[in-house]
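The values are calculated or read from the model by the stated rules, or taken from the named source; none is laboratory data. Just so you know, these numbers come straight off a predicted model, no measurement behind them. Neighbour counts run over all protein chains shown; Cβ positions are idealised from the backbone, glycine included.
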Amino acid sequence: MIRLEHITKTFQTKETNLHAVNDVSLTIDQGNIFGIIGFSGAGKSTLVRCINLLEVPSKGKVWIRNTNLLELSEEELRKERQKMGMIFQHFNLLAQRTVLDNVTFPLEITGKKKAQAREKARELLKLVGLGDKESSYPAQLSGGQKQRVAIARALATDPDILLCDEATSALDPITTSNILALLKEINEKLGLTIVIITHQMEVVKQICHKVAIMEEGKVVEEGLVSQVFTTPKSEVTKKLLLTEGEEK
Ligand SMILES: Nc1ncnc2c1ncn2[C@@H]1O[C@H](COP(=O)(O)OP(=O)(O)OP(=O)(O)O)[C@@H](O)[C@H]1O
Ligand SMILES: [Mg+2]
């Protein structure tokens, strides 16, 4: 579903060139929940933003379903992007719009008729367990509810990939667990491929099939979660396992 080939992203700063992502190659299978974990500054967000070209890689290829995104025209890229949803740590909801209108927003952009957009949004709000909140405004919701709205919005255009960047980092442990259970349900029900960026070990343990560990722009270790966590090879992985739970 997703194949990153020798991705490098270099940021030019005044003094130096910073390789935020440094020659990363990864394959993520369809229907998988794939975790990318590492300490702050490891390059996780930059890497995930390279998947939908929010960040254009300095080098390498981004294959989505056998299409190299870097070779597409703007119009073609726009279409490919509609098949990728993204959710963030701080939800990024539109404060001026109701819950329902937040979820219809991406559909308005694609030119869908209002009635159809609303029908779809209601269906998704039900899926994420917020059927009764459509007229509320984001400020009236809890963090977990806001993230549910963000998930519904990310699913509005029927994507087959969902990118999550620290989607549970602002939530308490129980709410985190509920959101992860929801993501797992969506993965199973809709067959979505999910990429989860996190610095929380327990997130990976709860729902990921495979995991890649990043350090200084590189993937230092990857494999099945069960394998990587029982026999960690790299020092970073061992450190991540040690710090588990400390942040709560
Ligand atoms: N637009 C930018 N310009 C310059 N440097 C950047 C830019 N974006 C990211 N970086 C640098 O790239 C490195 C990787 O950043 P990135 O945000 O990908 O890390 P991260 O693993 O997501 O960290 P965190 O866990 O804190 O979110 C950092 O050193 C950061 O300062
Ligand atoms: Mg980040």
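For Glu221, state whether it is in contact with a strand residue (DSSP E or B) (Cβ under 9 Å, 6 or more places away or on another chain), free of Cβ contacts under 8 Å to residues at least 40 places away in the same chain, among the acidic types (Asp, Glu) and more than 18 Å from Arg153 (Cβ to Cβ). Taking the combined requirement at face value, the residue satisfies it.
Within segment 109-120, the residues that satisfy the criterion of being surrounded by 12 or more Cβ atoms within 10 Å (Cβ to Cβ), at pLDDT below 95 and not polar (S, T, N, Q) are Ile109, Lys112.
The residue that is farthest from Asp29 (Cα to Cα), counting only those in segment 192-221 that are within 16 Å of ligand 2 (Cβ to nearest atom) and of a type in the set (Asp, Glu), is Glu216. Among the criteria (1) in contact with a strand residue (DSSP E or B) (Cβ under 9 Å, 6 or more places away or on another chain); (2) surrounded by fewer than 20 Cβ atoms within 10 Å (Cβ to Cβ); (3) at negative phi, the one Lys239 does not fulfil is (1).
If the condition is being within 16 Å of ligand 2 (Cβ to nearest atom) and free of Cβ contacts under 8 Å to residues at least 60 places away in the same chain, then segment 10-40 contributes Phe11, Leu18.
Please indicate, with yes or no, whether at least one residue in segment 153-165 is under 21 Å from the mean Cα position of the chain (by Cα), acidic (Asp, Glu) and at positive phi. Checking segment 153-165: at least one residue is under 21 Å from the mean Cα position of the chain (by Cα), acidic (Asp, Glu) and at positive phi. Just one of the listed residues (Thr98, Thr104) is out of contact with any helix residue (DSSP H, G or I) (no Cβ under 8 Å at 6 or more places or on another chain) and surrounded by 17 or more Cβ atoms within 10 Å (Cβ to Cβ), and it is Thr98. Those strands (runs of 3 or more DSSP E) of segment 131-233 in which at least 1 residues are surrounded by fewer than 17 Cβ atoms within 10 Å (Cβ to Cβ) and at pLDDT 95 or above, considering only elements entirely within it, cover 218-224. The strands (runs of 3 or more DSSP E) located wholly in segment 6-84 that include 3 or more residues which are at pLDDT 95 or above and more than 16 Å from ligand 1 (Cβ to nearest atom) occupy 17-28, 59-64.
Do we find a residue being within 16 Å of ligand 2 (Cβ to nearest atom), touching a residue at least 60 places away in the same chain (Cβ under 8 Å) and in contact with a Gly (Cβ under 6 Å, 6 or more places away or on another chain) anywhere in segment 45-55? Looking for residues that are within 16 Å of ligand 2 (Cβ to nearest atom), touching a residue at least 60 places away in the same chain (Cβ under 8 Å) and in contact with a Gly (Cβ under 6 Å, 6 or more places away or on another chain), one finds none in segment 45-55, hence no.
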